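Enquirer: Take this structure, written in structure tokens, and hold onto it; I'll ask about it next.
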Amino acid sequence: MKQITLILLVCLLRADVALADNTNGLPVLTLTDAETIALKNHPQIAAANYRALAAQEVVKETVRDIFRMQASMSTPWAPIPRARGSRPVA
């Protein structure tokens with residue numbers, strides 16, 4: 001009788017150890033992952049990223065306009081753009 005009780009006790013303890021390994025089921029979160037998630041979800045950081053993207057677009061537009069202006073100045077005669085369907089004035 002003592003052997004059966006001892007065997008049952010050992011089996012129960014082993015089962016507790018086996019089940020205790022993954023009790024919460026949550027993934028492990030490292031410090032690097034936590035920082036990445038926090039930076040990605042913080043509203044002030046997102047706003048700063050949007051402002052930086054807007055500034056980059058302004059630079060692209062300015063450079064494009066400068067090149068267009070240089071191209072129009074290098075030709076002796078640049079045609080005046082007209083609206084589609086309009087007729088030239090004679």
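Enquirer: So which of ALA78, ALA46 ends up being surrounded by 10 or more Cβ atoms within 10 Å (Cβ to Cβ) and at pLDDT 65 or above?
Expert: Details: ALA78 fails: at pLDDT 65 or above.
The unique qualifying residue is ALA46.
Enquirer: On the basis of being modelled with pLDDT of 70 or more, of a type in the set (A, V, I, L, M) and surrounded by 10 or more Cβ atoms within 10 Å (Cβ to Cβ), does ALA38 make the cut?
Expert: Spelling it out, ALA38 is indeed modelled with pLDDT of 70 or more, of a type in the set (A, V, I, L, M) and surrounded by 10 or more Cβ atoms within 10 Å (Cβ to Cβ).
The values are calculated or read from the model by the stated rules, or taken from the named source; none is laboratory data. Fair warning: this is a prediction, and the values are worked out from it, not measured in the lab. All Cβ positions, glycine included, derive from the backbone under ideal geometry; neighbour counts span all protein chains shown.
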